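The values are calculated or read from the model by the stated rules, or taken from the named source; none is laboratory data. Predicted model only: the values in this text are computed from it and were never measured. We place every Cβ from the backbone using ideal geometry, glycine too, and count neighbours over all the protein chains shown. Ligands, DNA and RNA are stripped out before the accessible areas are found, and what is left, the full protein with its side chains, is counted by its heavy atoms. Shrake-Rupley method; radii C 1.70, N 1.55, O 1.52, S 1.80 Å.
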Amino acid sequence: MNDAPSEARFIVEGDTVSTLVRTQVAIVGAGPAGLILSHLLAEAGIESVVIDQRTRTEIESTIRAGILEQGTADLLRTIDPNTRVDTVGDRHDGIELHFGGEGHRIDFPGLVGRSVWLYPQHEVLKDLLSLRLAAGQDLRFGVIATRVEGVETNKPRVVASTADGDELVIEADFVVGADGSRSVVRPAIAGASSGGYFREYPFAWFGILCEAPPSSDELIYSSSPHGFALISQRSTKIQRMYFQCEPDADPSALTEEEIWSTLQARVPGTTLRTGPVVQRDVLRFRSFVARKLRHGRAVLVGDAAHTVPPTGAKGMNLAVADVVLLGRALKALLQERDTRLIDAFAETALNRIWKAQHFSWWMTSMLHVTSDASEFDQRRQIGELKSVVESEAGRTFLAEAYTGWPIDA
Ligand code: PHB
């Protein structure tokens with residue numbers, strides 16, 4: 001079943017060592033997509049090698065978003081019944097949309113019978129890394145993929161360089177690019193059509209982590225005449241908050257007082273609990289879908305295949321949905337020689353990807369104020385927000401998308 005991959009070492013040029021590893025699935029990227037896929041494959045008795053250019057500490061400490069859809073939380077519970085999603089994480093049964101001086105709660109269980117969990121992505125990664133390593137997964141850090149070859153053959157290869165400067169070649173039955181928005185696998189799949197479909201936005205988010213207790217029990221998405229703000233959380237002691245800024249904003253340019261007055265002006269009616277700002281960053285907004293998700297024996301998943309602006313909290317959830325589909329398709333292909341699921345993979349995954357693209361774009365455009373917005377635009381936007389919160393159908397649409405569509409949809 002899950003034998004260790006075979007490995008052979010050669011001296012290629014001078015004293016450069018080249019190692020050839022044979023496995024069934026080569027996974028580039030040890031983010032949520034790559035790690036969950038390696039687990040699903042191992043469960044099915046399929047061996048994989050996972051490489052990532054980052055160190056384990058870098059992977060575990062990069063601050064990303066924090067919302068898990070119901071389906072993502074359920075999957076993490078099946079992967080590890082002792083998952084910290086329910087102990088360290090926090091169930092959220094709604095969000096508040098704030099505009100025109102008033103808050104409007106969207107009640108998820110009441111509308112769609114589902115919830116979301118606030119559990120930061122880097123905590124998910126800590127759990128998955130320790131679980132995979134304990135299970136004996138071949139997982140190599142500090143290994144930089146340089147190119148992918150032979151995707152049109154039955155033996156595609158990932159060529160990489162290790163932290164010692166040696167060459168590592170992974171020969172597999174299938175290659176998976178789970179290597180983020182600057183994917184090295186993508187050119188082998190996209191070829192000349194590498195551009196993909198994309199959209200830039202004329203704003204970004206200024207994000208902070210601060211040492212303060214929560215200012216609100218649930219997340220507040222606030223659209224104000226000054227611009228958008230999101231009041232999110234991390235724990236009882238650390239909070240995550242964002243406000244709309246210019247795409248080229250310098251995260252170090254504002255004093256802490258300026259940060260707090262900007263945030264507070266955008267959430268009238270809620271008194272923010274302040275504390276030392278321990279981290280600040282600017283998140284660029286981009287929507288992107290690769291033109292091709294699969295070519296021969298290679299596929300793209302997660303951010304390598306698509307990027308969404310953070311407003312709908314869809315990034316990691318979409319990556320998880322991709323690999324659930326891919327896990328089933330690779331199982332059918334590699335164990336039963338059944339190509340139907342892998343042939344349908346791109347179309348099936350794109351169905352959800354474009355719905356999530358729409359939702360992320362819609363939440364973004366509905367809640368942000370552009371600098372050239374006319375009075376018509378601003379009044380229309382309030383009309384749009386009211387047509388959501390004042391209608392059960394509108395609230396249900398939002399709740400359904402936010403908590404996540406069933407994975408097969
Ligand atoms: C976060 O907590 O980082 C977060 C939450 C919801 C979003 C985006 C980011 O929509």
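Which of the numbered conditions does ALA229 fail, given that it passes all the others? Conditions: (1) outside the structural domain of THR62 (by TED's automatic domain parsing); (2) in contact (Cβ under 8 Å) with a residue 40 or more places away in the chain; (3) surrounded by 23 or more Cβ atoms within 10 Å (Cβ to Cβ).
(2)
Does ASP52 fit the bill of being charged (D, E, K, R) and either assigned by TED's automatic domain parsing to the domain that holds ASP281 or under 24 Å from LYS314 (Cα atoms) (or both)?
Numbers: charged (D, E, K, R): yes; either assigned by TED's automatic domain parsing to the domain that holds ASP281 or under 24 Å from LYS314 (Cα atoms) (or both): yes.
When the stated conditions are applied, ASP52 passes them.
In this structure, is ARG297 modelled with pLDDT of 95 or more, away from the ligand (no atom under 16 Å from the Cβ), more than 28 Å from THR153 (Cα to Cα) and not β-branched (Val, Ile, Thr)? If you could, list the steps in order and put the result at the bottom.
Details: modelled with pLDDT of 95 or more: yes; away from the ligand (no atom under 16 Å from the Cβ): yes; more than 28 Å from THR153 (Cα to Cα): no; not β-branched (Val, Ile, Thr): yes.
When the stated conditions are applied, ARG297 does not pass them.
Tell me, please, whether a residue that is assigned to a helix (DSSP H, G or I) and either among the aromatic types (Phe, Trp, Tyr) or within 16 Å of the ligand (Cβ to nearest atom) (or both) can be found in the range 28-36.
Taking the range 28-36 as the starting set, the residues that turn out to be assigned to a helix (DSSP H, G or I) are 32-36.
Within this subset, residues satisfying the condition of being either among the aromatic types (Phe, Trp, Tyr) or within 16 Å of the ligand (Cβ to nearest atom) (or both) are 32.
So far as the range 28-36 goes, yes, one or more of its residues are assigned to a helix (DSSP H, G or I) and either among the aromatic types (Phe, Trp, Tyr) or within 16 Å of the ligand (Cβ to nearest atom) (or both).
Does the range 338-361 contain at least one residue that is outside the structural domain of GLN244 (by TED's automatic domain parsing), open to solvent by 30 Å² or more (accessible area, probe 1.4 Å), outside any helix (DSSP H, G or I) and out of contact with any His (no Cβ under 9 Å at 6 or more places or on another chain)?
yes
Residues checked against (1) within 15 Å of the ligand (Cβ to nearest atom); (2) modelled with pLDDT of 95 or more:
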{"site": "ILE238", "(1), (2)": "yes, no"}
{"site": "MET241", "(1), (2)": "yes, yes"}
{"site": "SER252", "(1), (2)": "no, yes"}
{"site": "ILE259", "(1), (2)": "no, yes"}
{"site": "LEU263", "(1), (2)": "yes, yes"}
{"site": "PRO268", "(1), (2)": "no, no"}
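Residue check: is VAL21 within 20 Å of VAL148 (Cα to Cα), more than 25 Å from the chain's Cα centre (by Cα) and more than 16 Å from the ligand (Cβ to nearest atom)? Walk me through it before giving the result.
On the way: within 20 Å of VAL148 (Cα to Cα): yes; more than 25 Å from the chain's Cα centre (by Cα): yes; more than 16 Å from the ligand (Cβ to nearest atom): yes.
Taking the combined requirement at face value, the residue satisfies it.
Among residues belonging to the range 363-385 that are free of Cβ contacts under 8 Å to residues at least 24 places away in the same chain and part of a helix (DSSP H, G or I), point out the one that is most open to solvent (accessible area, probe 1.4 Å).
Filtering the range 363-385 for residues that are free of Cβ contacts under 8 Å to residues at least 24 places away in the same chain and part of a helix (DSSP H, G or I), the one most open to solvent (accessible area, probe 1.4 Å) comes out as ARG379.
Out of (1) under 21 Å from PRO120 (Cα atoms); (2) part of a loop (DSSP other than H, G, I, E, B); (3) of a type outside the set (Gly, Ala, Ser), what's the single condition that is false for PHE243?
(2)
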